[in-house]
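Everything on this sheet refers to the single structure shown next.
The values are calculated or read from the model by the stated rules, or taken from the named source; none is laboratory data. The model shown is predicted, which means the values in this text are computed figures rather than measured ones. Cβ atoms come from the backbone with ideal geometry, glycine included; neighbour counts cover every protein chain shown. Ligands, DNA and RNA are excluded from the accessible area calculation, which covers all protein heavy atoms including side chains. Shrake-Rupley method; radii C 1.70, N 1.55, O 1.52, S 1.80 Å.
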Amino acid sequence: MAAAMVAPASPAAAASASDLTAFLAAYRCELVERLRMIHADPAPDARHLIIYLLDAPRAYVQCLFVENDSKILCEAESEFYRQKAGEPRRFRMTPQSLAALARLGFSTDDSKGNYRRIIDLTGAGDFTVVADLLLSALYQGYGARLDSRLEWEAPLAPGKGTFARWAPFS
């Protein structure tokens, strides 16, 4: 009975779940390693990582280590910071994309910034949950796929790159 409860409801849902699993598997290890590098560096500044989806002009996710590395602030772009004061929003996420971010635990209030979620890292040495959250937000919220072009920026992890899949460390 438990298996029936977690089984996808349709062949399309099964394909989607399988595609998400493949997407996570393709990028997770490199992302976890970069998060470890940032966490291990004692530098007080630049303790963040941003992943841009180059195939969509308004799509990025980011994380920032906060509170002496006891928490990590994860954000998904809302376009809040691209709008000029007093002007109406030029872009709004679809209700389906916003619902996907909500299911991932992100706030859906974009009135004062990006969509946010804070993860408690106390006692956690594994960044898989953070990596999966960021990658799932790109996949479910912004339409990233295995053939998508991603660019990452992390000043405390080696290099900066554009890639179809994570490139080896530069």
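Among all residues of region 70-77, there is at least one that is in a loop (DSSP other than H, G, I, E, B), open to solvent by less than 20 Å² (accessible area, probe 1.4 Å) and among the charged types (D, E, K, R).
Between Asp41, Asp55, the distinction of being acidic (Asp, Glu), surrounded by fewer than 21 Cβ atoms within 10 Å (Cβ to Cβ) and closer than 16 Å to Glu151 by Cα belongs to Asp55 only.
Per-residue answers, yes or no, for (1) touching a strand residue (DSSP E or B) at 6+ places or on another chain (Cβ under 7 Å); (2) at negative phi; (3) at pLDDT 95 or above:
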| residue | (1), (2), (3) |
| --- | --- |
| Ala25 | no, yes, no |
| Glu33 | no, yes, no |
| Pro42 | no, yes, no |
| His48 | yes, yes, no |
| Ala56 | no, yes, no |
| Glu67 | no, no, no |
| Lys71 | yes, yes, no |
| Lys84 | no, yes, no |
| Pro95 | no, yes, no |
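Answer yes or no as to whether Val66 is surrounded by fewer than 15 Cβ atoms within 10 Å (Cβ to Cβ) and either within 10 Å of the chain's Cα centre (by Cα) or among the aliphatic types (A, V, I, L, M) (or both). The answer is yes for Val66. Cβ separations smaller than 6 Å between residues 6+ apart or across chains give the following pairs from region 128-151 residues that are more than 20 Å from Gln96 (Cβ to Cβ) to residues that are open to solvent by 10 Å² or more (accessible area, probe 1.4 Å) and among the polar types (S, T, N, Q): Glu151/Thr162. Pairs meeting the criteria (first residue in region 67-81 and farther than 16 Å from Leu35 by Cβ, second residue basic (Lys, Arg) and at pLDDT 90 or above, beta carbons under 9 Å, at least 6 apart or on different chains) are Ala76/Arg116; Ala76/Arg117.
Note on region 100-112: residues that are assigned to a helix (DSSP H, G or I) and farther than 13 Å from Ser136 by Cβ amount to 0.
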